[in-house]
Amino acid sequence: MDKMRMESLNMTEQNVEKIAALFPNCITETKDEHGKPKKAVNFEMLKQMLSDGVIDGDEAYEFSWVGKKASIVEANKPVRKTLRPCKEESVNWDSTENLYIEGDNLDVLKLLQESYLGAVRVIFIDPPYNTGHDFVYPDSFIMDNEEYNEGTGYFDEDGNVNYKRENSSAAGKYHSDWLSMMYSRLKLASNLLAEDGIIFITLDDNENANMRLLANEIFGESNFIAEFTWEKKKKPSFLHRNVGKVFDYVICYAKNASVTTAFSVETTTLGKKYPFNNAGNGRATLVFPPETVEILMPDQTVTAQDMSGGNIYTVLKKDLIIKNHRNANELVLEGEWRYSQDKVNELIAGQEPIVISKIPFRPNLVKTGGEVKKMKNVLSPTSYSCETNEDATAELEALFGKGNAPFDTPKPVGLIKLLIQAITYDTQDGIILDFFAGSGTTAHAVMELNTEDNGTRQFIMVQVPEPCEENSIGYKNGFSNVSDICKERIRRASKQIAKEHSDCAFDGGFRVLKLDDTNMKDVYYSADEYDQGMLKGLESNIKDDRTDLDLLFGCLLEWGLPLSLPYTSEQIDGCTVHTYNNGDLITCFNENVPESVVKTIAKRQPLRAVFRDNSFINSPSKINVGEIFKLMAPDTRVKVI
């Protein structure tokens, strides 16, 4: 039994807990003056988390590693980049709520921080396993100056990214490079998870232990949910010198484990059932008035009959008419009951659900709330009909043709579908993010699961356009990079699902966005580097090749609006006006915007409005715009780019 404290709160402990909530990686353990363990703050780590530069100090491969501080700095560093719409590669651009983003996932995750902060229900990633033959992203922060200048395999002779570079197990920074790559990305991803969000990370043995330590830092050890073992092969591989391996792992963490629900793929939507029958009780007759029992059977008449079976005695005393899944007439049953007629009348008066599912009739009282059976942490063909790598290859061949699977070890649809279902069974919705999209299995799984339970889940896929090697199946079939294969896989999967589920509506489209440099010319950020003679060619601070749509989506990122919402474009007095999500944002990027257009936009009272900096002839015109909005739409936030 705990003793009462009998003293005021220990504010130091309270502050440590607050820091732990914000920076779980800055909390360590030490001993107090009595030798008992207590939480403490690693102030060196806290200083690094709050610094925009690398703080000097020794680094070694413990759990620190070479480059850890730099990866922390990189995760916090802003980027001058944007996401440019690509309608020609999209499917159902105007109506879809799914996104496919092409580009380095580190930069993409940074750009999504405001638009999807705390909005993602499930993250599934299948990152490079670090087998010694995996490509490790050439992030500049994992290289020192000498490595960067000399290249050391990160860049080809033309200075382009070398996607063929392997992370050799003999390299001095074999683990460190991989950990740095993963740390910055997971740190950014953790910000996107909803309070009840879950992340799944697939791995083999190479970095499994390190990933647990890494994830403990980022998500907090208390938010570890489980390490699932997934039977990836029907037959073991004997490449290992000691054992034949058939399992990989799926590590799972929560954003906040205390608010997550049970993981389940075996649920009843009606609720937990309590049977009326109770063998051994005295026999009696129960009468259920018309329309008081839900019967999960087609319309029909069931004749009076003995429905006894096993040790359960039940007799239907008179014919029953079933209509619209209800008893159209009085239901009279004789049996051995746990409830009296008075209790039945009380349940009916309280509108408690009474359900019969089939013949023989076995009435059940159903307590609402759903019965949930927690899933086990072994995922195999026998436990959950969970698919293997061989199944995944067959799925790709079904889309691309026999012998034309463009990936060697894709993840199967069934595995990812199982994991997503285990989290979203209660709502059938939510944003599903995969920022190592690879072959596009996650998108395929989301679409297929939505058709099975009429769900409205949305996917966001992120994939770097890694070039296909010339001897690869993908290259031989006309694909220049992995991202193009992934997009085509989603297109083909969507058509296949639509064909197989012609009676089921689902979102089989996706908006394609591509990572690119900022829409703004350099003068926008560093005007002090330009002189008077250069300004004539810089009358516009926007790059010449950028369209209205580019600028619109750049504004969405700036304002933190989701990228999948509907918008309209219209002509008003010779200007193009874009309205995003019924007035969350209205933009006009024409030059010399007349006052009539400004007033039309202001009358609609959008939440936000954006114009180009050179949309107005002079400074007085720009000031006048502010006055118009103050008068006609005082709550609208107005900006220029």
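The values are calculated or read from the model by the stated rules, or taken from the named source; none is laboratory data. Values in this document were obtained by computation on a predicted structure and should not be read as measured data. All Cβ positions, glycine included, derive from the backbone under ideal geometry; neighbour counts span all protein chains shown. The accessibility values were calculated without ligands, DNA or RNA, using every heavy atom of the protein model including side chains. Shrake-Rupley method; radii C 1.70, N 1.55, O 1.52, S 1.80 Å.
Straight-distance candidates among the lysines for linking to LYS87, with alpha-carbon spacing under 22 Å and chain neighbours fewer than 8 residues away dropped: LYS487, LYS495, LYS514, LYS543. Would you compute the Debye intensity of the range 348-472 from its alpha-carbon atoms alone, equal scatterers and no solvent, and pass along log10 I(q)/I(0) at q = 0.10, 0.21, 0.22 Å⁻¹ to two decimals? The Debye formula, applied to the Cα set alone, gives -0.47, -1.27, -1.33. Given R₀ = 56 Å, what would the calculated FRET efficiency be for LYS235 paired with ASP319, taking r from the Cβ atoms and rounding to 0.05? The value I calculate is 0.45.
Within the chain, all pairs of alpha-carbon atoms sorted by distance into 10 Å bins from zero give the percentages 3, 12, 19, 20, 18, 14, 9, 4, 1, 0, 0. Near the amide H of THR292, within less than 5 Å, lie the amide hydrogens of ASN327, all on another chain or at least 5 residues away, with H placed in the peptide plane. When the chymotrypsin sites (Phe, Trp or Tyr not before Pro) in the range 201-308 are filtered for DSSP coil states and for at most 14 other beta-carbon atoms within 10 Å of their beta-carbon, the remaining sites are PHE238. Expressed per residue, the C-alpha convex hull volume of the range 297-364 stands at 90 Å³. So what is the relative contact order of the range 566-641, in percent, for Cα pairs below 8 Å that sit 6 or more residues apart? Once normalised by length, the contact order is 28 percent. In the range 201-314, Cα pairs under 8 Å separated by at least six residues give a relative contact order of 22 percent. For the chain, the longest principal axis of the C-alpha atoms and the axis of helix 11-22 are separated by about 90°. To the nearest 10 degrees, how steeply does helix 441-453 sit against the main Cα axis of the chain, on a 0 to 90 scale? Computed tilt is about 30 degrees.
Against the chain, whose longest principal axis comes from its Cα atoms, helix 548-559 is set at around 70 degrees. Of the listed pairs LYS233/LYS373; LYS38/LYS69; LYS317/LYS373, which have alpha-carbon separations greater than 28 Å here? From LYS233/LYS373; LYS38/LYS69; LYS317/LYS373, over 28 Å: LYS317/LYS373.
Within the same chain, aspartates and glutamates fewer than 8 places from LYS343 are excluded, and of the rest, those with a Cα less than 16 Å from its Cα are GLU334, GLU352. Between LYS39 and SER502, take the C-beta separation as r, use R0 = 56 Å, and let me know the FRET efficiency to the nearest 0.05. Computed FRET efficiency for LYS39 and SER502 comes out at 0.45. A 1.4 Å probe run over the chain, with the rest of the protein chains in place, finds 50 Å² accessible per residue. A straight Cα-to-Cα reach below 23 Å connects LYS630 with the lysines LYS599, LYS603, LYS622, LYS639, residues fewer than 8 places away in its own chain not being considered.
Computed over protein heavy atoms with a 1.4 Å probe, the carbon and sulfur contribution to the accessible area of the chain reaches 47%. Think of it as helices only: each DSSP H run of n ≥ 4 in the chain is worth -39500 (n - 2.57), and spread over all residues that comes to -8500 deg cm²/dmol at 222 nm.
Take every pair of alpha-carbon atoms less than 8 Å apart whose residues are at least six positions apart; their mean separation over the length of the chain yields a relative contact order of 16 percent.
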